[in-house]
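**Student:** What follows is a structure written as structure tokens; I'll ask about it next.
The values are calculated or read from the model by the stated rules, or taken from the named source; none is laboratory data. No experiment lies behind these values; they were computed from the predicted model shown. Because the Cβ atoms are built from the backbone with ideal geometry, glycine has one as well, and the counts that use them run over all protein chains shown. Side chains included, ligands, DNA and RNA excluded: accessible areas come from the protein's heavy atoms. Shrake-Rupley method; radii C 1.70, N 1.55, O 1.52, S 1.80 Å.
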Amino acid sequence: MRIVHTIAELRQALAGSTHTTFVPTMGNLHEGHLSLVRLAKEHGGPVVASIFVNRLQFAPHEDFDTYPRTLERDCELLRSVGCNLVFAPSEAELYPEPQVYTVQPPAALAGILEGEFRPGFFTGVCTVVLKLFHCVQPRVAVFGKKDYQQLLVVRRMVQQLALPIEIVAGETARADDGLALSSRNGYLSETERAEAVQLSMTLKEVQLRLRRGERDLAAVESAAMDHLRQRGWQPDYVSVRRRTDLLPPTPEQLAGGEPLVVLAAARLGRTRLIDNLEL
């Protein structure tokens with residue numbers, strides 16, 4: 001496995017490759033990331049993983065400065081699952097001057113849910129992903145379903161800009177108790193970690209209530225948020241949406257079997273966790 005830090009080295013290493021598969025990450029890797037690399041390997045060609053903590057997607061009050069940087073460990077993990085190339089640029093390499101050209105995703109998709117609580121987040125995501133796409137020039141890029149809205153935003157960007165890239169979705173990796181794996185799980189205390197599984201359990205309860213035939217989504221969502229509050233969480237949202245565009249389903253769609261997903265974001269102590277479950 002080769003590790004490169006500049007765009008010039010990256011392009012030299014990939015010269016002549018016509019079917020590169022790409023897994024973008026912010027490092028501090030866990031089994032969820034490694035499962036995406038394994039999925040990438042199924043699509044042939046060299047597998048490139050990037051490691052870059054992207055300042056553009058962090059608000060001033062968020063954890064950019066304290067986000068764990070674990071490059072040496074990350075590279076060992078990537079090597080262990082057969083990654084071919086790691087692109088780990090510095091901030092000065094990827095943003096040699098202020099990034100004033102940005103990608104503005106549509107508010108209808110990027111201004112809801114995560115976009116409502118993290119304004120500008122998806123502008124930062126789309127800008128860095130598009131820039132990484134231009135650097136790597138992959139034929140396939142793999143994103144996890146754990147960041148469900150991000151997956152849809154990136155997929156829509158690729159469609160709208162006619163990029164010759166297939167976006168492949170990897171299933172959410174979970175701990176044995178059901179907690180979605182996340183780099184931010186490392187912020188949790190031992191007590192918080194034991195409690196954190198309640199987020200996925202809350203999503204399963206929403207799923208169960210809908211399967212029982214309940215159709216008052218507002219009541220189901222409100223009950224889920226109240227449950228989390230009673231356990232000491234600070235929920236931002238628990239919301240049932242259409243899988244296609246993350247808009248609320250109409251009563252007719254709800255009754256007619258429209259593919260749905262329930263998404264949640266909540267703060268436990270100082271750690272904000274997200275999760276989702278396709279219904």
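**Student:** Which one is farthest from E116 (Cα to Cα), of the residues in region 72-89 that are surrounded by 14 or more Cβ atoms within 10 Å (Cβ to Cβ) and without any contact (Cβ under 8 Å) to a residue 60 or more places away in the chain?
**Tutor:** First, the residues of region 72-89 that are surrounded by 14 or more Cβ atoms within 10 Å (Cβ to Cβ): 74-75, 77-78, 81, 83-89.
Imposing the further condition that a residue be without any contact (Cβ under 8 Å) to a residue 60 or more places away in the chain reduces the set to 74, 77, 81.
Working: D74: 32, L77: 34, V81: 36 Å.
Result: V81.
**Student:** Continuing with the same structure: Which of the numbered conditions does D275 fail, given that it passes all the others? Conditions: (1) acidic (D, E); (2) open to solvent by 40 Å² or more (accessible area, probe 1.4 Å); (3) under 27 Å from E195 (Cβ atoms).
**Tutor:** (2)
**Student:** While we're here: Quick one: which of F133, F122 is of a type outside the set (S, T, Y), closer than 27 Å to S90 by Cβ and either surrounded by 23 or more Cβ atoms within 10 Å (Cβ to Cβ) or modelled with pLDDT under 95 (or both)? Steps first, please.
**Tutor:** Values: F133 fails: either surrounded by 23 or more Cβ atoms within 10 Å (Cβ to Cβ) or modelled with pLDDT under 95 (or both).
None of the other options fit; the residue is F122.
**Student:** While we're looking at this one, here's another question. Take the conditions out of contact with any Pro (no Cβ under 9 Å at 6 or more places or on another chain), surrounded by 17 or more Cβ atoms within 10 Å (Cβ to Cβ) and among the charged types (D, E, K, R) and apply them to R193. Does it pass?
**Tutor:** Working: out of contact with any Pro (no Cβ under 9 Å at 6 or more places or on another chain): yes; surrounded by 17 or more Cβ atoms within 10 Å (Cβ to Cβ): yes; among the charged types (D, E, K, R): yes.
Answer is yes for this residue.
**Student:** Among the numbered criteria (1) surrounded by fewer than 21 Cβ atoms within 10 Å (Cβ to Cβ); (2) within 25 Å of G111 (Cα to Cα), which single criterion is violated by V206?
**Tutor:** Here V206 clears every test but (1).
**Student:** Step by step: first the residues of region 231-255, then only those that are over 25 Å from R156 (Cα atoms) and not polar (S, T, N, Q), then the one that is surrounded by the most Cβ atoms within 10 Å (Cβ to Cβ). Which residue is that? Let's see the steps before the verdict.
**Tutor:** Within region 231-255, the subset over 25 Å from R156 (Cα atoms) is 231-235, 251-252, 255.
If we keep only those that are not polar (S, T, N, Q) too, we end up with 231-233, 235, 251-252, 255.
Working: R231: 13, G232: 12, W233: 21, P235: 19, P251: 10, E252: 8, A255: 11.
Here the residue is W233.
**Student:** Something else about it: G45 versus (1) at pLDDT below 95; (2) of a type outside the set (D, E); (3) surrounded by 13 or more Cβ atoms within 10 Å (Cβ to Cβ); (4) out of contact with any strand residue (DSSP E or B) (no Cβ under 8 Å at 6 or more places or on another chain): which is the lone unmet condition?
**Tutor:** (4)
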